[in-house]
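Notes to accompany the following structure.
Values quoted throughout were computed directly from the atomic coordinates according to the rules given, and no laboratory measurement underlies them. For clarity, every value in this text was computed on a predicted model and none was experimentally measured. Don't worry about glycine lacking a Cβ; one is built from the backbone with ideal geometry, like all the others, and counts go over all protein chains shown.
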Amino acid sequence: MFKKVVTSRKYWLSVLYLGIAFIVVFSLIEHVSQFRGVSLSGFVETKLANGRWMRFFLSRIVGGVAYGMIMSYYFTARKIKSNK
């Protein structure tokens, strides 16, 4: 079952879409909760200045891929089981 799911093209497209959606939603929620609105200068100073941009983007990518893989596996495996 695992190999069948992971080798599916639809699985990897779903990982991509869910990962991107997670990154956007998580970043917006974090930004609003930390800066109480739209504070672009505060965001740049806190998250991107002094080489912290690499950590910021790397954490978003790793989190998005992990979330996308877990959720996509769940949905794809459920769909394969229901088709049997």
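Which ³J(HN,Hα) values, rounded to whole Hz and listed in residue order, are derived for segment 7-12 from phi using the Karplus coefficients 6.51, -1.76 and 1.60 in 6.51 cos²θ - 1.76 cosθ + 1.60 with θ = phi - 60°, glycine and proline given as x?
With the stated coefficients, segment 7-12 comes to 8, 6, 5, 4, 4, 6 Hz.
Using θ = phi - 60° and the Karplus form 6.51 cos²θ - 1.76 cosθ + 1.60, what ³J(HN,Hα) does each residue of segment 72-84 get, whole Hz, x for Gly and Pro?
Here the 3J(HN,Hα) series is 5, 4, 4, 5, 5, 5, 5, 5, 5, 5, 6, 7, 6 Hz.
How big is the chain on each of its three principal axes, counting only the C-alpha atoms and giving the largest first in Å?
Taking max minus min along each principal axis of the Cα atoms, the chain gives 53, 24, 13 Å.
Dipole size in debye (nearest 20) for the chain around its Cα centre, Lys and Arg Cβ +1, Asp and Glu Cβ -1? Could you put the intermediate results ahead of the total?
Values: 13 positive and 2 negative charges, 132 e Å.
Value, rounded to 20: 640 debye.
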